[in-house]
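See structure below.
The values are calculated or read from the model by the stated rules, or taken from the named source; none is laboratory data. Values in this document were obtained by computation on a predicted structure and should not be read as measured data. Note: ideal-geometry Cβ built from the backbone for every residue, glycine included; neighbour counts use all protein chains shown. Please note that ligands, DNA and RNA were not included when accessible areas were found on the heavy atoms of the full protein model with its side chains. Shrake-Rupley method; radii C 1.70, N 1.55, O 1.52, S 1.80 Å.
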Amino acid sequence: MSREPGRSRWLLFAACAHLVFLLPPLRARAFAVSVVSEGAEDETELPVLQNSEKSRTISKIGRELKGIVFVIQSQSNSFHSKRAEDLKRDILKQAVDLGKDLPTVLLIHQIDRHEGAWTILPLMTDFSVTYGRNSSWIFFCEEDTRIQVVKLVETLRRFDKSKEWFLGKALYDEESTIIHHYAFAENPTVFKFPDFAAGWALSIPLVNKLAKKLKSEPLKSDFTIDLKHEIALYIWQKGEGPHLTPVPEFCTDDVNSYKVDHCATTFSNFLPLCGEPVNKEDIFVAVKTCQKFHGDRIPVVKQTWEREAALIEYYSDYADISIPTIDLGVPNTDRGHCGKTFAILERFLNHTSPRTPWLVVVDDDTLISIFRLRKLLSCYDPNEPVFLGERYGYGLGTGGYSYITGGGGMVFSRTAVQKLLASKCRCYSMDAPDDMVLGMCFSGLGIPITHSPLFHQARPMDYPKDYLSHQIPVSFHKHWNIDPVKVYFTWLAPNTEESRNGKIVGYTREDL
């Protein structure tokens, strides 16, 4: 009796073995852990194989990501530098999740070897020397661009990195405009240039080529007005270089949009709001005018945005009590208005409440939303020397200076005005261009220009529709060939929803 249990176990094993022999297809499944024939799939090991493949894929993406140099168009103002640092941390965090290989992330405002670093082209030689051997791409983006690094790597992988590539989301002019010097007047739609908000990329071979060209042909000392268009022109080289290649994965849709599943980049900001909008009484508005425009331009201001301003004065060469205007004792000039602008700055500092932290100087044909400006200024510290608006440049390839172009509106913190007037920097002539002189002065004082793309030196029709589609603009300029009242109420006037909720729900914008 004591041997029966062992005999029973032996008979059970024999029966099972016979079953396995008769049914070979079931063998791998029934005995995957203990009995595996050569070449059979072990299902218990399949997830391990999948994880291994996934690890190899992640590792490959990580290696490719290391070949991308990210360049963020940052600014030294505290609000902007923080946003750029946040984006840098996000890029590196995504990279850590992909492995130990981290990409290089540069902030433009920390590259202080060039006054014109923000114009990119003066940096090409440094990029070529530093990254020309061990990198594949230079990827440029704005502080509010949001990047899915895995999708970005997968997108760039489609392009042969050994060739010259200029990649981005394509913008184009529907008609030739003054801000692009009426380029391609016969058909401006043929020339494409990148929307910086979506990010854009240069392959290293193209970077090396541009660096070589810059070495033999230094940049001219002229104006930088619309950087994205001018960079595209320089790269194109009148047909000798590559055109912009449109990349559909470079997007400017909001990060929360249902459209962004295919996007490697999105754009997260339309109009910054960093708390409660500043009070109306915190902004003093100075309007530059002259007697010959009292009858046509000033009525437009009064029909449109004047009602948004709590503190506003009109400065002219003639005291007109019906407006009223204030004669600063500065004759009107046909060219620049440096003398008048510095007189306005002196008046603001000496004749307004020291508790008024902001000054806005506009032309009489500037259309501006003070309502939106109050939101925007919630993001800036008036205790810093802030000089804010649309940034232009002069001679930046050869050590020039940046400035805020006057037509779109110039915003000063009281601190900036105090520092400026405490210096000895003044107009070299009464009819000098005021915005450029201010740029020279602030540059000499080491006070940076703070750029916002929401200010516009030209009319809505002078910008690509797709470019304006991801903005809530603060200003436009010029009454030429438009109905300025209609432009204001179409593009700039606060509507009921905006006033109630602090954001725009939607606009029907006509072709203006």
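Specify whether the C-alpha gyration tensor of segment 170-308 places it in the rounded, prolate or oblate class, a ≥ b ≥ c being the square roots of the eigenvalues: rounded for a/c under 1.5, otherwise prolate if a/b is larger than b/c and oblate if not. Write out the running numbers ahead of the final one.
Working: a/c = 2.25, a/b = 1.45, b/c = 1.55.
Since a/c reaches 1.5 but b/c is at least a/b, the shape of segment 170-308 is classed as oblate.
Surface analysis of segment 280-494 yields an accessible area of 36 Å² per residue, using protein heavy atoms and a 1.4 Å probe. Among 321-329, 401-409, the peptide with the highest mean count of other Cβ atoms within 10 Å heads the list, and the full ranking is 401-409, 321-329. The alpha-carbon positions of segment 366-432 define a convex hull whose volume is 127 Å³ per residue.
If eta is 0.692 mPa s and T is 37 °C, what Stokes-Einstein diffusion coefficient results for segment 291-445, Kirkwood Rh from Cα pairs, in µm²/s? Numbers along the way, then the final one.
Numbers: Rh = 16.3 Å.
This corresponds to a translational diffusion coefficient of 201 µm²/s.
For segment 380-396, putting each phi into the Karplus relation 6.51 cos²θ - 1.76 cosθ + 1.60 with θ = phi - 60° gives couplings of 10, 8, x, 6, 8, x, 9, 10, 10, x, 8, 8, 10, x, 9, x, 6 Hz, in residue order, rounded to whole numbers and with x for Gly and Pro.
Only the Cβ atoms of Lys and Arg (+1) and of Asp and Glu (-1) were treated as charged; on that basis the dipole of segment 280-494 about its Cα centre amounts to roughly 320 debye.
Calculate what fraction, in whole %, of the accessible area of the chain sits on carbon and sulfur atoms when a 1.4 Å probe is rolled over the protein chains. Of the solvent-accessible surface of the chain, carbon and sulfur hold 53 percent. Amide H contacts of residue 245 (H built 1.01 Å from N, in plane; Pro and chain starts excluded): 166, 167, 168 sit under 5 Å, all sequence-distant by 5 or more or on other chains.
What is segment 62-267 by shape, rounded, prolate or oblate, if you read a ≥ b ≥ c off the alpha carbon gyration tensor as root eigenvalues and call it rounded for a/c under 1.5, prolate for a/b larger than b/c, and oblate otherwise? Here segment 62-267 falls in the rounded category. When the Cα atoms of the chain are aligned to their principal axes, the ranges along those axes come out at 126, 57, 46 Å in descending order. Computed from label points 7 Å out along Cα-Cβ, the spacing between residue 303 and residue 159 is 4.7 nm.
Dipole of segment 280-494 computed with +1 at Lys/Arg Cβ and -1 at Asp/Glu Cβ about the Cα centre; of 315, 425, 388, farthest Cα towards the positive end is 388.
Could you give the dipole magnitude of segment 62-267 about its Cα centre, charging the beta-carbon of Lys and Arg +1 and that of Asp and Glu -1, in debye to the nearest 20? Each step should come with its number before you reach the end.
Numbers: 26 positive and 29 negative charges, 196 e Å.
The calculated dipole for segment 62-267 is roughly 940 debye.
For the chain, a crude dipole built from +1 on the beta carbon of Lys and Arg and -1 on the beta carbon of Asp and Glu, taken about the Cα centre, is about 1680 debye to the nearest 20.
Please report the antiparallel percentage of the DSSP beta bridges confined to segment 280-494, to the nearest 5.
Working: 13 of 29 bridges.
Expressed as a percentage, antiparallel bridges in segment 280-494 total about 45.
When the chain is fully extended, how far beyond the present Cα-Cα distance does residue 186 get from residue 261, taking 0.36 nm per residue of separation?
Full-extension gain reported as 23.3 nm.
How large is the convex hull of the Cα atoms of segment 97-192 per residue, expressed in Å³ as a whole number? Show your work: numbers first, answer last.
Numbers: hull volume 16.1 nm³, N = 96.
Each residue corresponds to 168 Å³ of Cα convex hull volume.
Segment 367-426 and segment 81-124 have Cα centres separated by 24 Å. Toward the positive end of the charge dipole of the chain, with +1 on the Cβ of Lys and Arg and -1 on the Cβ of Asp and Glu, the farthest Cα among 57, 464, 181 is that of 57.
Centroid-to-centroid, using Cα positions, segment 202-222 and segment 433-459 are 26 Å apart. Computed from label points 7 Å out along Cα-Cβ, the spacing between residue 489 and residue 431 is 3.9 nm. For segment 180-192, putting each phi into the Karplus relation 6.51 cos²θ - 1.76 cosθ + 1.60 with θ = phi - 60° gives couplings of 10, 6, 6, 5, 6, 4, 5, 7, x, 5, 6, 9, 9 Hz, in residue order, rounded to whole numbers and with x for Gly and Pro. Packing around the peptides 384-390, 483-489, taken as the average count of other Cβ atoms within 10 Å per residue, puts them in this order, highest first: 384-390, 483-489.
Find how much the distance from residue 276 to residue 175 grows on full extension, using 0.36 nm per residue of separation minus their present alpha carbon separation; answer in nm with one decimal. Before the final figure, lay out each step's value.
Details: separation 101, 0.36 × 101 = 36.36 nm, distance 3.94 nm.
Going from the current span to full extension adds 32.4 nm.
Were the residues from residue 110 through residue 92 laid out at 0.36 nm apart, the gain over their Cα-Cα distance would be 4.7 nm. Take 274-281, 465-472, 55-62 and order them by the average number of nearby Cβ atoms within 10 Å per residue, most first; the result is 465-472, 55-62, 274-281.
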